[in-house]
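The values are calculated or read from the model by the stated rules, or taken from the named source; none is laboratory data. A quick note: this is a predicted structure, and the numbers were derived from the prediction, not measured. Backbone-built Cβ (ideal geometry, glycine too); neighbour counts: all protein chains shown.
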Amino acid sequence: MDALVKKVRRGVTVRQLVPGQDTYASQITIKDLVNYNLDAAYVEISQNQWELENGDIGTVDGIRTEMINKLTDFYVVKLFSLLGSLYASASDTAPTGECDCYDTYTGDITAAALEDMIDEISDKAGGVKAVVGRRNLLAPITKFAGYRVSAELGSGTGYFIVPIPSTLETIQSTGWFGKYYGANFIALDQIYDNAYDRNKLITDDKIFVIGNKCGEFITYGDVKEDEWNEMSTAPPTWHLRIYQQFGMIIDKMENVGVLYRSGA
């Protein structure tokens, strides 16, 4: 996406036509709603030329692939952190003052809490694009996403839900599901800074219900790459750098719901 300004078009008006009258044309005006402030992300590594040639650090292609994966992880963490900053607590409200888009739960997520939030965001945003969270938070949904028979069946207060064989088979064979209550689910595996220190980069306490047109994430231009040898050292020092510009906007925070697991 190359547009750096999010615009709103005004002036397109529908009027009632009276036969024989002269019609009026509306003047279209453009309102700049939000400007993107682009940031740049880059990954650069350097290594002694001899160590590169003898394969101590792996192949150049393998290093390049890892760098691109790290750049993708960086974007995921950035976006996840931005979503998590929308509501600091349940007392926060959206700009409209009409949306209860923050809810707290303990233990495993329940069908009632999840469905209520999906209903809320669907009503405000006209639909839910995705429900996003860490895999460990979304996994308990498999207990009701497969439409298991209620434990209350036979007690006089429960009701019978017919299991869907294909859904149950998918959950039993893969341990996962793709869609529930009309929403697509995206489970994020934990991202670590590296395989040795294993510091977590994604929090384990929030599920986000993302509605339509809540905002945008853009990358401006392709991933650029520079590769060169620094000849001032002996042996030369090999460098590889990739970089890209990006921007994020959430201009309708009321279209994002947060389910916060307390005590996580």
**Request:** Output yes when any residue across the range 190-201 is modelled with pLDDT of 85 or more, of a type in the set (A, V, I, L, M, F, W, C) and either exposed (fewer than 14 other Cβ atoms within 10 Å of the Cβ) or under 30 Å from TYR42 (Cβ atoms) (or both), and no when none is.
**Result:** yes
**Message:** Looking only at the range 195-245, count every residue that is part of a strand (DSSP E or B), without any contact (Cβ under 8 Å) to a residue 40 or more places away in the chain and among the basic types (Lys, Arg) and tell me the total.
**Reply:** 2
**Request:** Please verify whether the range 64-80 includes one or more residues that are modelled with pLDDT of 90 or more, surrounded by 10 or more Cβ atoms within 10 Å (Cβ to Cβ) and over 30 Å from LEU138 (Cβ atoms).
**Result:** yes
**Complete:** Taking first residues from the range 57-82 that are touching a residue at least 60 places away in the same chain (Cβ under 8 Å) and second residues anywhere that are part of a helix (DSSP H, G or I) and of a type outside the set (Ser, Thr, Tyr), the pairs with Cβ under 8 Å that are 6 or more apart or on different chains are VAL60/LEU52
**Message:** If I filter the range 1-23 down to residues being in a loop (DSSP other than H, G, I, E, B) and closer than 30 Å to ASP226 by Cα, which single residue comes out as modelled with the lowest pLDDT?
**Reply:** MET1
**Request:** For the range 204-223, enumerate the residues that are over 12 Å from the mean Cα position of the chain (by Cα), modelled with pLDDT under 90 and farther than 19 Å from ILE141 by Cβ.
**Result:** LYS213, ILE218, THR219, TYR220, GLY221
**Request:** Take GLY263 and decide whether it is out of contact with any Leu (no Cβ under 7 Å at 6 or more places or on another chain), in a strand (DSSP E or B) and farther than 19 Å from SER46 by Cα.
**Result:** no
**Request:** Scan the range 114-126 for residues that are in contact (Cβ under 8 Å) with a residue 24 or more places away in the chain and surrounded by 14 or more Cβ atoms within 10 Å (Cβ to Cβ) and jot them down.
**Result:** LEU114, GLU115, MET117, ILE118, GLU120, ILE121, SER122, LYS124, ALA125
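Just to verify a result, which residue in the range 224-244, among those that are surrounded by 15 or more Cβ atoms within 10 Å (Cβ to Cβ) and not charged (D, E, K, R), is farthest from LEU82 (Cα to Cα)?
So the residue we want is PRO236.
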**Item:** Some residue of the range 162-177 being modelled with pLDDT under 90, surrounded by 11 or more Cβ atoms within 10 Å (Cβ to Cβ) and part of a strand (DSSP E or B)
**Value:** no
**Item:** From SER46, SER26, residue being modelled with pLDDT of 90 or more and more than 30 Å from the chain's Cα centre (by Cα)
**Value:** SER46
